[in-house]
1. If you check Thr44, Thr73, which single one turns out to be at pLDDT 95 or above, of a type in the set (S, T, N, Q) and more than 16 Å from the ligand (Cβ to nearest atom)?
2. Could you list all residues from region 85-142 that are farther than 18 Å from Gly62 by Cα, open to solvent by 70 Å² or more (accessible area, probe 1.4 Å) and away from the ligand (no atom under 14 Å from the Cβ)?
3. Could you please let me know if Glu80 is out of contact with any Leu (no Cβ under 8 Å at 6 or more places or on another chain), open to solvent by 100 Å² or more (accessible area, probe 1.4 Å) and farther than 16 Å from Asn140 by Cα?
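The values are calculated or read from the model by the stated rules, or taken from the named source; none is laboratory data. If you're wondering where the values come from, they're calculated on a predicted model, not measured in any experiment. Don't worry about glycine lacking a Cβ; one is built from the backbone with ideal geometry, like all the others, and counts go over all protein chains shown. With ligands, DNA and RNA removed, areas are computed over all heavy atoms of the protein, side chains included. Shrake-Rupley method; radii C 1.70, N 1.55, O 1.52, S 1.80 Å.
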Amino acid sequence: MKTRFVAALLAVGFLLFAGMFIWATIRPSAQGEAAAPVSVATATLSEPLSDGRIEAQVFALGNKDVQLEIRFTPDADAIEAAGMRPSVNFAMVEMHMDGFDPPMQLIEVGVWRVRFKLPMAGRWVVSIGIGEEFAEVEFNAD
Ligand SMILES: [Cu+2]
């Protein structure tokens, strides 16, 4: 009786052990989703403004998540432009919805990042302003 119980316990233990290995190989990879550095931008922007060049990359990460990387390189003679901070506004292209000004994170001098969950999927336009000037780029978010 006792040996049979032990044998049953061992069998259950073995099944759990084997099951863990099988689960490890077939489970949906949670790591893949969290892999942050996305290499291919959904949309890019590069425009000369009067005080320097504004560049941006939009990454539509799925599930309405968006990451925006902004770089502003002031012209060498535009000393006052070096301290400038861009403004960012997201709006839908074909809808009369209010725009969104999500918070921006300074990554290094002249480089900012925005991570934002859009309220809905669709065609969006992001406007990036420096002083009185703006540059825009459209992208699809799903
Ligand atoms: Cu909308």
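1. Thr44 is the lone residue from the list that is at pLDDT 95 or above, of a type in the set (S, T, N, Q) and more than 16 Å from the ligand (Cβ to nearest atom).
2. Arg85, Asp101, Pro103, Gln105, Leu106, Glu108, Val109, Glu132, Phe134, Glu136
3. Spelling it out, Glu80 is indeed out of contact with any Leu (no Cβ under 8 Å at 6 or more places or on another chain), open to solvent by 100 Å² or more (accessible area, probe 1.4 Å) and farther than 16 Å from Asn140 by Cα.
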